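Comments concern the structure below.
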Amino acid sequence: MFGALFEGKTRSVLLKAAATIAAIALLDWRVIAEIPLGFLYLIPMVMVGSVVGRFSIVAIAALCTLLAEAFSDLVWNLRTGTSRDVLYFAAFVGTGLFVREVDNNRKVTLEHLHEIERERDARREAEEQLRILIESSPVAIFTADQDGCVLMANDAAHRMLGVPQGELRGRSLYRNLPALTNITMHDPSRQLLRAVMQARGQRDDGEAFLADICFSTYRTNAGTRLAAMVLDASEDLRAHEVSGLQQLLSGSRIAVGAVFHEIRNVCGAIAVVHQNLAHGGLLAGNKDFEALGSLAVALERIASVTVRQTTAQAKEVDLTVLLDELKIVVTPSLQEEEIEAQWIVEPGLPLVWADRPSLMQVFLNLITNSARALSKKDLRHLQVTAKCEGVQVHVEVSDNGGGVAHPEFLFRPFQAGAEATGLGLYLSRAFMRSFGGELRYVPLAEGASFIVDLTQAMTPEKEL
């Protein structure tokens, strides 16, 4: 009830204060006993202190002092009256100024509180938008501490790594992205990193994938942190390699077609000469017969021409990495065909001497042929084995697709009954021989096996 006296607009409060002053003055005038009521003027001073300025407070305090003295029953004289009036005036002015400062501080505090609330609401809205952006992003987003333990991971990260929702937090990020172990975060004096890298990742089920990683490091009171955005680039690699195979086969088909066109021309010329000799009846010393011999030599020379690459393109190749990329490329198509694939790669394989793109195309062609053969089987099994024997490294691609009916014609071009042009194995062997390798066929009881022979890339230390 009393709080209503101190609330409202300036005019309303002043009217209430004036009424209060009048009531106190009347009460002081009507009280006969010697009871000083001047202290009651502190109430209107409290009221006006929150709505008027300093000079107004002084004027109202002077008015209250005058009224308190005028209606007081105490005798006024210069010594006691002046002291009493000074104390009245000081109390009234001090109360008004104190209330004014308290009210100003209250207003400043409320404004500051409102500003904090506005900032809090804005921060919550920004955090909510950021959370929605992170959770709805198709890119996997991680944050990790200086030991590589995951602090935060979005839905895309769990899907990419094949981990149930919410189980990545607290796990080591290096388990799935081992390339990030090269980022040192324990030394606070090291420069913060902002970089992009491409590396091999691994899902929880052991499947490898190619990852494009954008990462940065930042410092907090708890230590250095890592933020990373990871994109699965396996599909891009797959599309690139498959497109490369198609382009290679297309170009090779044109080259081989041109060679055999020349062979057909020579065969036509041989037929004409043969007819001439048949009509002449004499062979000895016959120029046409001699021409036939020359044409036969030319035919042999043309037939010996094969599609090959220059050995200058061959260099040291990390076979383990290449097989990892091959697995990334072919795994989805094998899964679609419901082919059970087994990869057995001997640890620590040495570098080999090869042309990397051509070697990748050879493996792709072999696995494509195996998948085609397995499509007619109920139980489909494919195995890729890589091992080192002496200075040779052997990679075997075997399947249970039923084998090859006529292996003697296996590496000849334009096979009768072959799908497409029948150039795949012919070109694969040519590519292998171009950098000193070999491609062999080994029959199996229920399938076929193709062995890729590669030579170790001898380092200077080994050569010595």
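Here are a few things to note about the model shown:
- Count - residues of the stretch 170-193 that are surrounded by fewer than 13 Cβ atoms within 10 Å (Cβ to Cβ), part of a loop (DSSP other than H, G, I, E, B) and of a type outside the set (A, V, I, L, M, F, W, C): 8
- Entry remark, the stretch 116-165: residues being out of contact with any strand residue (DSSP E or B) (no Cβ under 7 Å at 6 or more places or on another chain) and of a type in the set (V, I, T) number 3 in total.
- Screening A33 against (1) surrounded by fewer than 11 Cβ atoms within 10 Å (Cβ to Cβ); (2) small (G, A, S); (3) modelled with pLDDT of 85 or more leaves a single unmet condition, (3).
- Selection status of R200, charged (D, E, K, R) and modelled with pLDDT under 85: no
- All strands (runs of 3 or more DSSP E) inside the stretch 339-394 with 1 or more residues being more than 31 Å from the chain's Cα centre (by Cα): 352-354, 381-389
The values are calculated or read from the model by the stated rules, or taken from the named source; none is laboratory data. No experiment lies behind these values; they were computed from the predicted model shown. Note: ideal-geometry Cβ built from the backbone for every residue, glycine included; neighbour counts use all protein chains shown.
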